[in-house]
Amino acid sequence: MKKLSARRRHPLAALVVLLFALAATGGLYTAFAPAGEAKAEKQESSKSLAIEEGKKLYATGCSSCHGTGGQGTSDGPSLVGVGAAAVDFQVGTGRMPAQQPGAQVPRKKNIYSQDEINQLAAYVASLGSGPSQPTKEMYDPSGADVARGGELFRTNCSQCHNFTGEGGALTHGKFAPDLGDVDEKHIYEAMQTGPQNMPSFTDGALPEKDKRDIVAYVKEVNSDKSESPGGFKLGGFGPVSEGMFAWIFGLGAMIAVAVWVAARTAKAKKS
């Protein structure tokens, strides 16, 4: 009896065995967990980190005008619901942070890296849902229908940007900018978000394919390979500027010749 009692397990032995079993189960789950779940957890962690870093950047460079929580102030609009695409456009083109208030914030040199812009965009997107940053496939002009893009551009955009996207004057000191050297992604994002005086075009109003066709047209018509059959295109304003040129310079030249001939005739009669 004494030998049997000596062989009895310690009261905590069962607990130790259970802990080892749980640890082994966790290790096995980690080893055999679906790759999709592990990837999703990693992406979620990266997203959270980007939001935290973006919040720091926002507090330094944006909160003085847009408020500490993006709610807006008298110096800047609310950013709740504008989406990541709006941030990528405004900051990527150097319009934000703005140097000073005015009728329109002009494009200038960008002061943030793309990684920092992505972090800012992640933070602002966390404030409220809005248009997300487009993927390269969405705005890549390769394989797009340039002719259809031209039709869509002339219908929806030429009233402000003129027929070739070279910009134009608007009211109260505002203007439609030249699109010639604007990045494809930023043209697409402008259509998504409608910056400043521009209307936004949802996918319902202008589907993704149509936006890509417009991007392709703008880049094609402003490329070095683009030809101008009429010669000097006078800013791309079309027949109005060409007619004005003909009237001012053509008619002016004719008047100058007529005056010169009359003066020479009068001088010849006197002599």
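For this structure, a couple of remarks:
- Pairing residues of the range 179-199 that are farther than 18 Å from ASP140 by Cα with residues that are of a type in the set (D, E, K, R) and in a loop (DSSP other than H, G, I, E, B), at Cβ distances under 6 Å and at least 6 apart in sequence or on separate chains, gives ASN197/LYS174.
- Listing of helices (runs of 4 or more DSSP H) fully contained in the range 135-203 that carry 2 or more residues being crowded, with 20+ Cβ neighbours inside 10 Å and aliphatic (A, V, I, L, M): 184-193
- Residues that are outside any loop (DSSP other than H, G, I, E, B) and at pLDDT below 80 within the range 214-239 comprise LEU234, GLY235, GLY236, PRO239, listed in sequence order.
- Taken as a whole, the condition of being touching a residue at least 40 places away in the same chain (Cβ under 8 Å), within 23 Å of LEU206 (Cβ to Cβ) and either in the same structural domain as THR202 (by TED's automatic domain parsing) or in contact with a helix residue (DSSP H, G or I) (Cβ under 6 Å, 6 or more places away or on another chain) (or both) does not apply to ALA50.
- Residue match in the range 240-256 (condition: outside any helix (DSSP H, G or I) and modelled with pLDDT under 85): no
- Among the residues here, GLY83 does not qualify as touching a residue at least 60 places away in the same chain (Cβ under 8 Å) and in the same structural domain as ASP203 (by TED's automatic domain parsing).
- Filtered residues of the range 257-268 (kept if at pLDDT 85 or above and open to solvent by less than 100 Å² (accessible area, probe 1.4 Å)): VAL257, ALA258, VAL259, VAL261, ALA262
- Count of the range 74-111 residues which are within 14 Å of the chain's Cα centre (by Cα) and not in a loop (DSSP other than H, G, I, E, B): 10
- If you filter the range 112-132 down to residues that are assigned to a loop (DSSP other than H, G, I, E, B) and open to solvent by 60 Å² or more (accessible area, probe 1.4 Å), you find that the one that is nearest to PHE175 (Cα to Cα) is SER132.
- Subset of the range 173-206 (residues that are hydrophobic (A, V, I, L, M, F, W, C) and within 8 Å of the chain's Cα centre (by Cα)): ILE187, ALA190
- Taken together, the criteria place ALA85 among residues that are aliphatic (A, V, I, L, M), within 19 Å of ILE51 (Cβ to Cβ), in contact with an Asp or Glu (Cβ under 9 Å, 6 or more places away or on another chain) and buried (at least 16 other Cβ atoms within 10 Å of the Cβ).
- Among the residues of the range 61-113, those identified as closer than 21 Å to THR135 by Cβ and hydroxyl-bearing (Ser, Thr, Tyr) are THR93, TYR112, SER113.
The values are calculated or read from the model by the stated rules, or taken from the named source; none is laboratory data. Remember, it's a predicted structure, so these values are computed and weren't measured experimentally. Here Cβ is always computed from backbone atoms with ideal geometry, including for glycine, and neighbour counts include all displayed protein chains. The area values use the complete protein model at the heavy-atom level, side chains included, leaving out ligands, DNA and RNA. Shrake-Rupley method; radii C 1.70, N 1.55, O 1.52, S 1.80 Å.
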